[in-house]
Amino acid sequence: MDKILSFKKIAVWLLTLFFMAGLPLVTLYASEQLIREVVTLPLREWMSEFPERFMVNVLLVLALFNLLYLLPRKWFMFTSLLMSGLLIVFAYANKVKMELRSSPISVGDFALLKELGGLEQPIGVNTPLLVGIGLAFVVLTVLIFFGIPKLKENWFIKIGVFLISVLFLVMLWTDKPASPMEKAQFENTWWKLELALMRNGVFGNFVMLAKQSNIEPPDGFSAKNMKGLAEKYEPAERTAEEKPNVIFLMSESFIDPYSFGEEYFAEDPIPNFHRLYEESLHGGMYSSEFGGGTANVEFEALTGFSMQFMPANFVPYQLYVTQPLPSAAYAFREADYETTAIHSYYGWFYQRESVYRQLGFNRFISGEFMDLDHSNDAGKGFPKDKHITNSIMATLDETEGPDFIHAVAAEGHMPYHKTEQSEFLKSDTLPDDTRQYLNNFTEKMHSIDRELGRMVELIEARDEPAIVVFFGDHYPSFPDNEAVYGTEGTQVANDLLGDYDDFIATHKVPYFIWKSDGNKPAELDVTPNQFSALALEMAGVQGTTVTAILDEMREQGNAVIPYNQWQSQMGSQTQEMKDLQMIQYDLLHGKRYSEYLMPELVRTPSPDYHLGLYPEMNAQKVVETPESYELYIEGAPRFSEVLIDGKPIAAEWQTVEQGLAVFSVPKQQVERDAEIQVVVYNSRDAVLRETNVFTIEETVETSRQ
């Protein structure tokens, strides 16, 4: 009998040890394996290349599970099973989000269904697997409560394990008295969040994001003071006699090549920009970014908020835009404008597919829905700006009433390879490395400028008034910035970060706001958050409390919010800027008092929000020719996939007219009763848009050719 009792004790203690250490490690292993199916750093390589970060993740899951060790044994085992399941589900949700948006889950992002808005068939649910997991959980729960004998527990050990777990988690969160993450060199890659995920680990990375998203309220923040702001600022009523189309065009890394020194150029590479700049409201835009961070400049331009009101290197699109925010799109939509966002790169990049919905757009035309020269995943560089122009003009043609269009062009994106010769730069005034980098960059600027001229010409040819807000997002970053900017190159900036004049020289980007009617030259330096207020004022459309604050700032000659690190040179923030910061904090990080105190600020996302210009993609007809079946599909972009009985086949594409494409399929590859479907995938194989399933028999017409 004693031997049996002793055996039971050993078995129970071994099982307890498994729940204390084995189950946490199994959970970590399973979770990381899920994530590493969609990233390029395998688990074994992660453990060997980043052993300190791996150990932080190990200690994190051990501490989480052993918090529960304070419970009675059976409840500890039960809740440990439950926690294991929840953590694995969390890892799976990260995997799904990575596939759809190329970024992990962050704070405020638990409701994954919000992330899937706008996707018609993003994921499939394995019902048998879920049922099997549920049954296994029930069986294990019964075994725990009815199969494990009740034995006396050592509460001194239990309390000790609990306290050690608490102390580690507190240290991890507060970085006191030491910072495990700092010692393990956790990194923050806001420009490409999947890098941080695969290097930091799924659980450690989430804790890092959670810590960094915890922003303290500004001085004086309260519901009472928010009410005071609502009473203090009231947007002026404006009535436009004829509502103009309004187009924001943000051009990747666009600057005037003359910024490097006009004396180095034999010919003007951007004559269209220079002409429009001189004819219009123009000036310098103080960008918050250098070499990257496009979404942050875009965030400022659309919302009127400022990156100077949050920690450096944050990306609001990735962290905070999970609920509606005030934006130019909402303000124009309230004035009966159609609102369209356009970007020629992947729609999931910077989570734009979900962000644009929260910012009030009716539709988002991403690269997946354009007839690009080559698909973005073909490895042939970023799309030419002609596709942006084509999409803008197609939107103006397709929609009824006035349009607000926000377009993000990508042709100017890095890398900038060395190019031996260019017609624009003189051959003997700069070192070879400097000149060759600038040759390549200038050729890109020239191509962008040529397309800018075409777009304005097409807009002028329309019998509709228009406003174009054109700006670059930031200065370009080269493979060797010292060779281009520094003493060995153009000497534009010898110390890009440490010297105020050099910093401004690489952050002040030119812009113009052109009007088709009544265009007048004027100069005004701004930060990008002024663009929405300026556009609304020039269009005669009523703004919001945010734009009222921005209008007041301009009237007082304070259209530039000073950089946090350069306030001694640029001046401190004015009261209006502090008021704007309070509203920004409330809506991004606070309790959103503004939703009921300033109801015009926060609107409801469009119930008809969709990806692509057209709300649906439909099979119109099938035309039979001697050699092929020609599938006429409405709303289908060039790189749609044709599926025959669920399998993709090669099909020739051509356009018939705007919004109607033909996919030619050889007859020998399809039976007349085969199930056919045309699908738009993103680069992670998520379905963005699809037709209904149809057959040749149902829709065929015989060609008379």
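The values are calculated or read from the model by the stated rules, or taken from the named source; none is laboratory data. A quick note: this is a predicted structure, and the numbers were derived from the prediction, not measured. Every residue, glycine among them, receives a Cβ derived from its backbone with ideal geometry; neighbour counts consider all protein chains shown. With ligands, DNA and RNA removed, areas are computed over all heavy atoms of the protein, side chains included. Shrake-Rupley method; radii C 1.70, N 1.55, O 1.52, S 1.80 Å.
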Residue in segment 274-305 that is farthest from the chain's Cα centre (by Cα), counting only those that are without any contact (Cβ under 8 Å) to a residue 24 or more places away in the chain and surrounded by fewer than 21 Cβ atoms within 10 Å (Cβ to Cβ): Arg275
Given the criterion open to solvent by 40 Å² or more (accessible area, probe 1.4 Å), under 30 Å from Met455 (Cα atoms) and of a type in the set (Asp, Glu), identify the matching residue among Glu231, Glu241, Glu187. Glu241
Among all residue pairs at least 6 apart or on different chains, which show Cβ distances below 9 Å where the first residue, located in segment 590-609, is free of Cβ contacts under 8 Å to residues at least 24 places away in the same chain and among the charged types (D, E, K, R) and the second is crowded, with 17+ Cβ neighbours inside 10 Å and part of a loop (DSSP other than H, G, I, E, B)? Glu595/Pro324; Glu595/Leu601; Glu595/Val602
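Which of the residues that make up segment 32-49 are in a helix (DSSP H, G or I) and either open to solvent by less than 30 Å² (accessible area, probe 1.4 Å) or within 23 Å of Gly160 (Cα to Cα) (or both)?
At the first step, the residues of segment 32-49 found to be in a helix (DSSP H, G or I) are 32-35, 43-49.
Answer for segment 32-49, where residues must be in a helix (DSSP H, G or I) and either open to solvent by less than 30 Å² (accessible area, probe 1.4 Å) or within 23 Å of Gly160 (Cα to Cα) (or both): Glu32, Ile35, Leu43, Trp46.
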Scan segment 657-702 residue by residue and report those that are open to solvent by 30 Å² or more (accessible area, probe 1.4 Å) and polar (S, T, N, Q). Gln658, Gln668, Gln669, Gln677, Ser683, Asn692, Thr699, Thr702
Return the pairs, sorted by first residue and then second, in which the second residue is open to solvent by 50 Å² or more (accessible area, probe 1.4 Å) and outside any loop (DSSP other than H, G, I, E, B), the first residue lies in segment 614-629 and is in contact (Cβ under 8 Å) with a residue 40 or more places away in the chain and of a type in the set (S, T, N, Q), the beta carbons are less than 7 Å apart, and the residues are 6+ apart or on different chains. Asn618/Glu634; Gln620/Glu634
Checked segment 363-380 for anything in contact with a Pro (Cβ under 9 Å, 6 or more places away or on another chain) and in a loop (DSSP other than H, G, I, E, B); matches are Met370, Asp371, Leu372, Asp373, His374
If only one of Lys384, Lys380 is basic (Lys, Arg), surrounded by fewer than 24 Cβ atoms within 10 Å (Cβ to Cβ) and closer than 27 Å to Val456 by Cβ, which one is it? Lys384
Test each condition in (1) surrounded by fewer than 21 Cβ atoms within 10 Å (Cβ to Cβ); (2) charged (D, E, K, R); (3) within 30 Å of Asp336 (Cβ to Cβ) for Lys426 and report the one that comes out false. (3)
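Give the number of residues within segment 392-411 that are more than 12 Å from Tyr345 (Cα to Cα) and either in contact with an Asp or Glu (Cβ under 6 Å, 6 or more places away or on another chain) or surrounded by fewer than 23 Cβ atoms within 10 Å (Cβ to Cβ) (or both). If you could, list the steps in order and put the result at the bottom.
We begin by selecting, within segment 392-411, every residue more than 12 Å from Tyr345 (Cα to Cα); these are 392-406.
Going one step further and asking which of them are either in contact with an Asp or Glu (Cβ under 6 Å, 6 or more places away or on another chain) or surrounded by fewer than 23 Cβ atoms within 10 Å (Cβ to Cβ) (or both), we end up with 393-403.
The qualifying residues number 11.
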Which residue pairs have Cβ atoms closer than 7 Å, lie 6 or more positions apart in sequence or on different chains, and pair a first residue in segment 492-515 that is small (Gly, Ala, Ser) with a second residue that is part of a helix (DSSP H, G or I)? Ala493/Tyr485; Ala493/Asp502; Ala493/Ala505
Right, Arg53: closer than 30 Å to Asp685 by Cβ and basic (Lys, Arg) or not? yes
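Being modelled with pLDDT of 95 or more and within 24 Å of the chain's Cα centre (by Cα) narrows it down to one residue among His374, His387, His446; which is it?
Criteria check complete, one pass: His387.
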Residue that is nearest to Glu187 (Cα to Cα) [pool: residues in segment 207-219 that are open to solvent by 40 Å² or more (accessible area, probe 1.4 Å) and modelled with pLDDT of 90 or more]: Pro217
Looking only at segment 316-340, count every residue that is surrounded by 21 or more Cβ atoms within 10 Å (Cβ to Cβ), under 14 Å from the mean Cα position of the chain (by Cα) and outside any helix (DSSP H, G or I) and tell me the total. 2
Among the residues of segment 55-80, the number that are polar (S, T, N, Q) and surrounded by fewer than 22 Cβ atoms within 10 Å (Cβ to Cβ) is 1
Any pair with Cβ under 8 angstrom, 6 or more apart, that starts in segment 404-424 at a residue that is within 20 Å of Gly379 (Cα to Cα) and hydroxyl-bearing (Ser, Thr, Tyr) and ends at one that is open to solvent by less than 10 Å² (accessible area, probe 1.4 Å) and outside any loop (DSSP other than H, G, I, E, B): Tyr416/Phe441; Thr419/Asn439
When you check Lys183 against the structure, is it farther than 30 Å from Gly401 by Cβ and out of contact with any Asp or Glu (no Cβ under 6 Å at 6 or more places or on another chain), yes or no? yes
Selection status of Glu52, open to solvent by 20 Å² or more (accessible area, probe 1.4 Å), closer than 15 Å to Arg199 by Cα and part of a helix (DSSP H, G or I): yes
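One line per residue, one yes/no per condition, for (1) crowded, with 19+ Cβ neighbours inside 10 Å; (2) under 27 Å from the mean Cα position of the chain (by Cα):
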position	(1), (2)
Glu555	no, no
Gln567	no, no
Gly571	no, no
Ile583	yes, yes
Asp586	yes, yes
Arg592	no, yes
Pro599	no, yes
Thr604	no, yes
Anything in segment 443-473 that is open to solvent by 10 Å² or more (accessible area, probe 1.4 Å) and either without any contact (Cβ under 8 Å) to a residue 12 or more places away in the chain or acidic (Asp, Glu) (or both)? List them, or say none. Glu443, Glu451, Glu457, Glu460, Ala461, Asp463, Glu464
Going through segment 536-547 in order, the residues found to be buried (at least 23 other Cβ atoms within 10 Å of the Cβ) and of a type in the set (A, V, I, L, M, F, W, C) are Leu536, Ala539, Val541, Val546
Looking at this structure, is Glu627 surrounded by fewer than 18 Cβ atoms within 10 Å (Cβ to Cβ) and over 22 Å from the mean Cα position of the chain (by Cα)? yes
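Within segment 152-184, how many residues are open to solvent by 40 Å² or more (accessible area, probe 1.4 Å), in a loop (DSSP other than H, G, I, E, B) and farther than 26 Å from Glu49 by Cα? Reasoning before the result, please.
Here is the first cut: in segment 152-184, the residues open to solvent by 40 Å² or more (accessible area, probe 1.4 Å) are 152, 154-157, 159, 162-164, 166-167, 170-171, 173-177, 182-183.
From what's left, in a loop (DSSP other than H, G, I, E, B): 152, 154, 175-177.
Then keep just the ones that are farther than 26 Å from Glu49 by Cα; that gives 152, 154, 176-177.
Of the residues in segment 152-184, 4 are open to solvent by 40 Å² or more (accessible area, probe 1.4 Å), in a loop (DSSP other than H, G, I, E, B) and farther than 26 Å from Glu49 by Cα.
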Can you tell me which residue in segment 7-23 is farthest from the chain's Cα centre (by Cα), limited to those that are in contact (Cβ under 8 Å) with a residue 60 or more places away in the chain and surrounded by 14 or more Cβ atoms within 10 Å (Cβ to Cβ)? Val12
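Kindly indicate which of Ser80, Ser84 is touching a residue at least 24 places away in the same chain (Cβ under 8 Å), closer than 20 Å to Leu163 by Cβ, in a helix (DSSP H, G or I) and of a type in the set (S, T, N, Q).
Among Ser80, Ser84, only Ser80 is touching a residue at least 24 places away in the same chain (Cβ under 8 Å), closer than 20 Å to Leu163 by Cβ, in a helix (DSSP H, G or I) and of a type in the set (S, T, N, Q).
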Does segment 112-127 contain any residue that is at pLDDT 65 or above, open to solvent by less than 60 Å² (accessible area, probe 1.4 Å) and assigned to a helix (DSSP H, G or I)? no
Close pairs from segment 62-77: first outside any helix (DSSP H, G or I), partner open to solvent by less than 40 Å² (accessible area, probe 1.4 Å) and of a type outside the set (Phe, Trp, Tyr), Cβ under 8 Å, at least 6 apart: Leu71/Thr79; Pro72/Glu153
